[in-house]
Structures are given as structure tokens and as C-alpha cells.
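Novice: Sending over a structure as C-alpha cells; questions will come in a sec.
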Amino acid sequence: MSASPAVHLGIDGGGTHSFGVAVSRDGTILAAAQSGSLNFLGADLPTARRSLASLLAGLRRQLPPGTVFQRPVIGCAALFADATRAEKRALCTGLLPLASARVISDLQTAHFGATLGEPGVVIVAGTGSMVLARGSKGAIGQAGGWGHVLGDEGSAWWIAREALRAALAAREGRGRQTLLKRAICRSLGVENLDAAVARFHAPGAKDEIAAAASRLPQYLPRADPVFSEILTRAGAELASQALAALRQSGLTARPVPVFLLGGVLAHNRRVRASLIKALQARLPISVKPPCLRPVLGAAALSLSASGISLTSGILRRLRNYREPHTAAN
């Protein structure tokens with residue numbers, strides 16, 4: 001019996017959901033699966049390993065027995081760059097071949113997917129926020145990605161937090177009146193602001209809070225100036241991160257190629273418009289659609305690691321993949 005062909009593996013290990021694809025050398029999607037978070041800092045290592053094991057099991061069920069994953073690439077939300085040997089061992093031992101697996105930041109796989117390694121800036125705003133820029137000479141600039149305790153400005157979680165802060169300030173008489181109180185309570189499914197505060201402080205509630213941010217507009221009976229200002233500030237915060245990353249990278253191309261990723265920038269037009277306006281006030285930009293989704297960026301890196309050129313045919317076949325639907329952040 002002939003040996004099963006080796007396939008390439010790409011994983012987008014996000015802070016909320018993880019996606020994986022197995023692809024052939026010509027870019028054909030052979031299997032796709034999803035699982036929970038691989039963020040072993042935001043959750044814990046056993047949880048991340050269970051998510052990775054579940055994802056790999058889901059892929060293997062769709063592949064011939066004995067299939068070998070060649071040059072696996074995992075983009076992991078717990079990282080800011082390539083994993084250390086200790087981090088890779090902790091996550092992958094017993095699940096993937098340590099010698100050939102590459103574990104890097106999910107921002108790196110998202111950037112490669114968007115740009116295919118070309119200069120440009122990728123701005124991500126979903127549950128959290130982060131920016132990566134690559135300069136004309138290959139220098140890398142990064143801003144954000146420090147998590148909700150230290151940052152995540154402009155993210156869904158940040159928007160929800162700022163909305164609750166505004167509602168509390170209004171209740172105490174030290175802030176402008178706003179319709180956000182009722183909207184926050186309804187989006188979280190609680191009776192009052194005190195219960196909303198308790199929900200914010202509950203362990204492991206970050207994803208739930210971020211998801212609630214996307215529901216706030218539907219519970220506002222009319223436009224709310226306070227909420228509108230929060231969304232405008234969200235865009236400005238993301239622009240500030242992007243400009244910082246661009247300065248670090250030394251990117252000189254004009255207009256600057258800009259790629260917008262994540263649920264906030266996909267679904268919140270006010271945040272997106274504010275971000276673009278703030279960037280355009282400082283330099284010429286060209287907003288472009290990403291070449292590939294982040295999980296496909298990981299798969300493309302896996303192919304490239306084996307010396308496979310990303311031809312137009314391979315890219316076309318990769319783009320045929322459609323990610324399973326999850327709620328937008």
C-alpha cells in the first residue's frame with residue numbers, strides 16, 4: 001500500500017476561535033476544521049492544547065489515515081513573534097512534529113495572508129487590536145496586541161468598556177447623558193448597570209463582553225452622541241497604532257498599502273471611516289482587500305517553507321476556501 005501524501009498545514013489560532021486547513025502542494029484545500037482559542041496566555045496551556053488537539057483531530061478525520069503534516073505553521077494569539085523552543089514544546093509536544101513545526105504570532109500569519117510578504121500595514125480590530133507594518137527593506141513595526149488589561153484600544157472589548165464607563169459617568173452626574181445604559185444592559189442580558197459591572201469583572205468574560213459590543217447599536221433607539229464619539233475615538237486609536245508601526249518599519253511606499261482585518265473593521269462603518277480619515281490626514285493611503293484570510297496566510301507560509309512558489313493557480317485555489325461562520329466581534 002502506498003504511503004499517504006504529505007500535506008501542508010496552516011492554523012490561525014485566535015483568541016476566541018481557531019481555524020485550520022490542510023492543503024496539497026497545488027493549493028487545493030483538502031480539509032478544514034475549527035476549535036477554540038490557542039491563546040495559552042489569555043486562557044491557559046491545557047485549554048490551548050485541547051483546542052489544538054481538537055482542531056487536528058477534525059482535520060485528520062477528513063484525510064487518509066497516516067497523513068503527514070509537512071511544515072506546519074501555527075499563528076498563535078499568545079505570541080508577538082516566533083515562539084521560543086520552550087513555548088513550541090509546551091504547545092505542540094505529542095501533537096505536531098517539533099522539528100518542522102513553526103509557531104508564530106497570529107498577526108504574522110494575518111500579515112502574510114494579507115500582503116503575501118509585500119510591504120504594507122495590517123490593522124486588526126476584533127476582540128482585541130494590533131497592528132503590524134512591513135517596510136520596503138523588510139523591517140517590521142508593531143503596535144498594540146498587549147491584551148485588554150494593558151491596551152486593545154479600538155477593539156470590540158474596548159468599545160464595550162468605554163460604553164459602560166460613559167453610562168456609569170452619566171449615572172453619577174459627571175458625564176453627559178446617554179442612551180447607553182439600557183443598550184448595555186440589553187446587550188449583556190442583565191437588569192442594571194451594577195450587574196453589567198459584575199459581568200465585566202467576571203473571570204473569562206472578555207469574549208462575551210466583546211461580542212456584546214456589536215449588539216449595542218441595535219439597542220439604541222436613535223443615534224447617541226456619546227456612543228458615536230466612542231466609535232470615532234476607536235478609529236483614531238487604531239490609526240495611532242498604525243502610524244506608530246509605520247514609523248518603526250520605515251515604510252516609504254506612497255500611497256501606503258493598508259489592510260483592515262477583524263470584526264470591528266468589517267462591520268462597524270463608523271470605526272472604519274474614523275480610522276481611514278485619521279490616516280488620510282497624515283499620509284496618502286490605499287485601502288486594499290487582503291490577498292488571503294489569516295488561516296490561508298498560515299497555509300501559504302507552510303507551502304513557502306517547502307520552497308513552493310505561490311503561483312496564481314495556487315492562490316486561486318486557496319481563495320476558494322470559505323471560513324466557517326462565527327459571530328462577528
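Novice: Could you tell me which of the residues 281, 273, 242 is surrounded by 22 or more Cβ atoms within 10 Å (Cβ to Cβ) and hydrophobic (A, V, I, L, M, F, W, C)?
Specialist: Checking each option against the conditions leaves just 242.
Novice: Within segment 185-215, track down each residue that is over 22 Å from residue 272 (Cα atoms) and outside any helix (DSSP H, G or I).
Specialist: Those that are over 22 Å from residue 272 (Cα atoms) and outside any helix (DSSP H, G or I): 189, 190, 191, 192, 202, 203, 204, 205.
Novice: Let me ask something additional. Tell me which helices (runs of 4 or more DSSP H) are completely within segment 216-329 and hold 2 or more residues being among the hydroxyl-bearing types (Ser, Thr, Tyr) and not assigned by TED's automatic domain parsing to the domain that holds residue 132, or say none if there are none.
Specialist: Result: 294-305.
Novice: Sticking with this one: Take the residues in segment 116-143 that are more than 21 Å from residue 295 (Cα to Cα) and at pLDDT 90 or above; name whichever of them is surrounded by the fewest Cβ atoms within 10 Å (Cβ to Cβ).
Specialist: In this case the residue turns out to be 139.
Novice: Still on this structure, please answer the following. Looking at 103, 131 in this structure, which one is in contact (Cβ under 8 Å) with a residue 60 or more places away in the chain, of a type outside the set (Phe, Trp, Tyr) and assigned to a strand (DSSP E or B)?
Specialist: Checking each option against the conditions leaves just 131.
Novice: Can I ask one more? Of all residues being farther than 15 Å from residue 258 by Cα and within 13 Å of the chain's Cα centre (by Cα) in segment 86-107, which is surrounded by the most Cβ atoms within 10 Å (Cβ to Cβ)? Just the residue, please.
Specialist: 106
Novice: Still on this structure, please answer the following. If you check residue 55 against the conditions, is it touching a residue at least 40 places away in the same chain (Cβ under 8 Å), surrounded by fewer than 15 Cβ atoms within 10 Å (Cβ to Cβ) and not aromatic (Phe, Trp, Tyr)?
Specialist: Considered against the rule, which asks whether it is touching a residue at least 40 places away in the same chain (Cβ under 8 Å), surrounded by fewer than 15 Cβ atoms within 10 Å (Cβ to Cβ) and not aromatic (Phe, Trp, Tyr), residue 55 comes out as no.
The values are calculated or read from the model by the stated rules, or taken from the named source; none is laboratory data. Every value quoted in this text rests on a predicted model; they were computed, and no experiment measured them. All Cβ positions, glycine included, derive from the backbone under ideal geometry; neighbour counts span all protein chains shown.
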